[in-house]
Amino acid sequence: MTNKGRIFSGVQPTGNLHLGNYLGAIRNFVNLQHDYEAIYCVVDLHAITVWQDPKVLRANTREIAAAFLAAGIDPTKSIIFNQSQVSAHANLAWIFNCVSRLGWLNRMTQFKDKAGKNRENASTGLYAYPNLMAADILAYKATHVPVGEDQKQHLELTRDIAQKFNNDFGVDYFPLTEPLILGTSTRVMSLRDGTKKMSKSDPSEYSRISLMDGPDELQQKVRKAKTDPLPVPDLEALDDKREITADVKAERPEAVNLIGIFSTLANQTTEETVKEYGGQPFSDFKKALTDVAVERLGPIGTEMKRLMADEGHVDAVLKDGAERAAAIAEPILNEVQDIVGFLRP
Ligand code: AMP
Ligand code: TRP
């Protein structure tokens, strides 16, 4: 049944697709496609807000499309496409550049993180990035957006833009989109440092599990993952909601991160995991984690590699997806142009 509304979400083709992307986002994309009309986008316009080698960008775009397919998104049911191929995104983004306020963008923490110390040298695209993201979502009047926790602030901005557009033009046109931040792995942390998010740009390969890691790499990375000398936390580490207490999270971030990853991969609650492994040494728990990672991620990695060797198939999926996406977005863009006062002779 596709009666709960329309979903839009995007992943940047910037390489090093990792377990955080899978558990925080793509896994939910797969589950949600049965209940919603779903549109999943490889956001290449967002990727070029920082320099991308053109050859590498093409390969990375196919890699994300292959990951979507390998994870189980059905391209005949849901739409899979790359953003640059539907011009409504860039068109609507310009209009939103004129709706959004400098003060709003100045508050975006992702810009501050990505621009780093040398802010003067960041591209203006990186600064306006959240306006483009609002355009992605609202070009389809999407009602729900599944993402990891790090995107929450961008989705609040999307609501602000929708609301200001509606107010400025005296219309009730754009929906106020709801984020779907689902599951027990909405923020997967680095395997080397439990206080840092697992990220594509971390220089250390050992900080992240790649979706294309084979059994040997998985085993090595889990074995080398940072922990502390204490055993696996037990039931006493849980609060009333049967989640790990804030104190334990603060004191043992790496241990808590591995429990979260294990629970999501094994499709079980935190409580079930600590009941089963609480008090055991981490060396044993890491063996169980390796097994479940190999079992759950292995087939996805293998299928991704197969698809990446079949460029013709992936490109055909993207082409078909772009046509279907444009068929939804173009009429919406036309209505927006009418509302704004652009003459369409
Ligand atoms: P990106 O790689 O920045 O395009 O992110 C694609 C999706 O993965 C977004 O929905 C992010 O919120 C999600 N994501 C990225 N990193 C993590 C992480 N460490 N934990 C959970 N979700 C993440
Ligand atoms: N900004 C998102 C990220 O870095 C990617 C993205 C672009 C996105 N457009 C989107 C996510 C629209 C959800 C909806 O993860």
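The values are calculated or read from the model by the stated rules, or taken from the named source; none is laboratory data. Being a predicted model, the structure only gives us computed values, none of them experimental. Cβ placement follows ideal geometry from the backbone for every residue including glycine, while neighbour counts extend to all protein chains displayed. The protein model used for the area step is the full one, side chains on, heavy atoms only, and it has no ligands, DNA or RNA in it. Shrake-Rupley method; radii C 1.70, N 1.55, O 1.52, S 1.80 Å.
Taken over the range 40-69, the criterion of being open to solvent by 20 Å² or more (accessible area, probe 1.4 Å), hydrophobic (A, V, I, L, M, F, W, C) and closer than 14 Å to M304 by Cβ is satisfied by A59, L69.
So which of L57, L69, L102, L17 ends up being within 14 Å of ligand 2 (Cβ to nearest atom) and modelled with pLDDT of 95 or more?
On the way: L57 fails: within 14 Å of ligand 2 (Cβ to nearest atom); L69 fails: within 14 Å of ligand 2 (Cβ to nearest atom); L102 fails: within 14 Å of ligand 2 (Cβ to nearest atom).
Answer to the selection: L17.
Report yes if N31 is away from ligand 2 (no atom under 12 Å from the Cβ) and modelled with pLDDT under 95, otherwise no. So N31 fails the test. Scanning the range 254-277 for residues that are over 16 Å from V292 (Cβ atoms) and surrounded by 18 or more Cβ atoms within 10 Å (Cβ to Cβ) yields E254, A255, V256. Restricting attention to the range 123-150, the residues that are under 26 Å from D202 (Cα atoms), out of contact with any Leu (no Cβ under 9 Å at 6 or more places or on another chain) and open to solvent by 30 Å² or more (accessible area, probe 1.4 Å) total 4. In the range 212-253, the qualifying residues are those that are open to solvent by 40 Å² or more (accessible area, probe 1.4 Å) and among the small types (G, A, S), and the one that is farthest from S283 (Cα to Cα) is A246. In this structure, is L180 in the same structural domain as F165 (by TED's automatic domain parsing), under 26 Å from E303 (Cβ atoms) and surrounded by 15 or more Cβ atoms within 10 Å (Cβ to Cβ)? The answer is yes for L180.
Residue-wise test of (1) within 17 Å of L258 (Cβ to Cβ); (2) within 16 Å of ligand 2 (Cβ to nearest atom).
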position: T158; (1), (2): no, yes
position: P175; (1), (2): no, yes
position: S190; (1), (2): yes, no
position: G194; (1), (2): yes, no
position: S201; (1), (2): no, yes
position: E205; (1), (2): no, no
position: K221; (1), (2): yes, no
position: A225; (1), (2): yes, no
position: D234; (1), (2): yes, no
